[in-house]
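Structure first, commentary second.
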Amino acid sequence: MMEKNKVFLTEKIHPFAVEHLSTYFEVVQGTSVKEAEIVRQAQDCEGILIRSATVTGAMMSQLPKLKVVAKHGIGVDNIDVKAAAEQGILVVNAPFSNLNAVAEHTLTMLMALSKNLVHLDQKTRAGKFAARNQYVNAELQGKTLGLIGFGRIARMLAKKVSGFEMQVLAADPFADAEEAKRLGAELVSQEELLAKSDFVSLHVPLMPNTNKMVNREFLKAMKPSAVIVNASRGPVIDEEALTEALRSGEIKGAGLDVFDPEPPQVGNPLLELENVIVSPHNAALTDEALLAMAMDSAQGIIDYLGGARPKYPVNQEVLPGILQMP
């Protein structure tokens, strides 16, 4: 029997996707996300499928058989895509797999913040029923939601809040005004968005120009009654500046699914503030999204190593001309 080529998994993925990969390849399950261990365990592998593990140019250069790296999800900031292209290694991802999960999680945080839900739950459990008169909740109806970035998740969130009769503003230099209008959103400048929004939700990738974009100036431009939600990437927010704004009442609250660094360090002051609700970077981790992320990223490896054009190439220039888009 002919020996199968090998594909390496840095972390556990949905068993259906492992079974699917096993039809075509020998699947090697990694036991550590440390760089040296990944290099050692993936030596004979043509493909690597990652979740939160980091793949650097130095790592790829030590894997002579490597042809494709697949990201279990959307963001590829933990892959050195430029180095991959230079080494002729394709990067694929799963850009549509968890959109709904993250949009729903963001909406849940908006609602939980407006209803003081976490704190009222804790007070009620502690026998402090009088808290019902100490917390004044807010309604979403008639409020303004500001979306920083108007990509796929933000557009889905805009559709979801239409039922709440909210006004939706979006700031994104690359967005199409007509498409925004069709989804019930208005494209405005970031300055106007921050001045008018009751809720600000971040939907930008981590890039040099978005790193710590939420700084003191950004927060000062928000309404004192506004809250901010981040389910994108932790480093987009300057956590020190956010802590100061929340403590001083410069803004009302925050919902955070992501941190800088992750996991948040012991003693992170944001975790001590009552006007902050948090989750452990799991907005995308629904049953449905986990299956979709695993299957889509696995299929990218299967297609490419099988000689077909993958559905979601990140660095298309690596593809042979016959597999590139016309």
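Quick rundown of the values:
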quantity	calculated
Relative contact order (%) - criterion: Cα under 8 Å, at least six apart; region: segment 40-109	30 percent
Spatially proximal lysines relative to residue 6 (Cα-Cα < 20 Å; intrachain offsets below 8 disregarded)	34, 65, 67, 71
Relative contact order (%) - criterion: Cα under 8 Å, at least six apart; region: the chain	19 percent
The chain: most fluctuating residue of 210, 124, 243 per GNM, C-alpha cutoff 10 Å	124
Hz values of 3J(HN,Hα) by residue in segment 252-258 - Karplus curve (6.51, -1.76, 1.60), Gly and Pro given as x	7, x, 8, x, 10, 9, 9
Extension reserve of the residue 139-residue 65 stretch, reckoned as 0.36 nm per residue once the Cα distance is removed	21.0 nm
Segment 99-278, relative contact order [Cα under 8 Å, separation at least 6], %	19 percent
Spatially close lysines, pair count over segment 138-235: Cα under 19 Å, gap of eight or more or interchain	11
Under Karplus coefficients 6.51, -1.76 and 1.60, residue-wise ³J(HN,Hα) of segment 45-50 in Hz, glycine/proline x	9, 8, x, 10, 10, 10
Rounded, prolate or oblate (a/c below 1.5 giving rounded, otherwise prolate when a/b exceeds b/c) for segment 99-278 by Cα gyration tensor	oblate
Label point 7 Å beyond Cα of residue 132 along Cβ direction - residues of segment 97-117 with amide nitrogen under 19 Å	115-117
Most mobile of 311, 34, 196 in a GNM of the chain (Cα contacts under 10 Å)	34
Cα-projected label distance for residue 35 with residue 122, points at 7 Å along beta-carbon direction, nm	3.8 nm
Residues of type aspartates and glutamates that residue 4 reaches as a straight line, Cα spacing below 12 Å, ignoring anything fewer than 8 places off in the same chain	26, 44, 46
Simple label model, 7 Å out from Cα along Cβ direction - residue 265 to residue 177, nm	4.5 nm
Segment 1-95: GluC sites (Glu not before Pro) in DSSP coil with no more than 12 other Cβ atoms inside 10 Å	3
Three-way shape label, segment 180-288, alpha-carbon gyration tensor, a/c 1.5	oblate
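Each reported figure results from applying straightforward, stated rules to the coordinates on display, with no laboratory input. What you see is a predicted model; the values in this text were computed from it and never measured. So basically every Cβ, Gly included, is an ideal-geometry build from the backbone, and we count neighbours across all protein chains shown.
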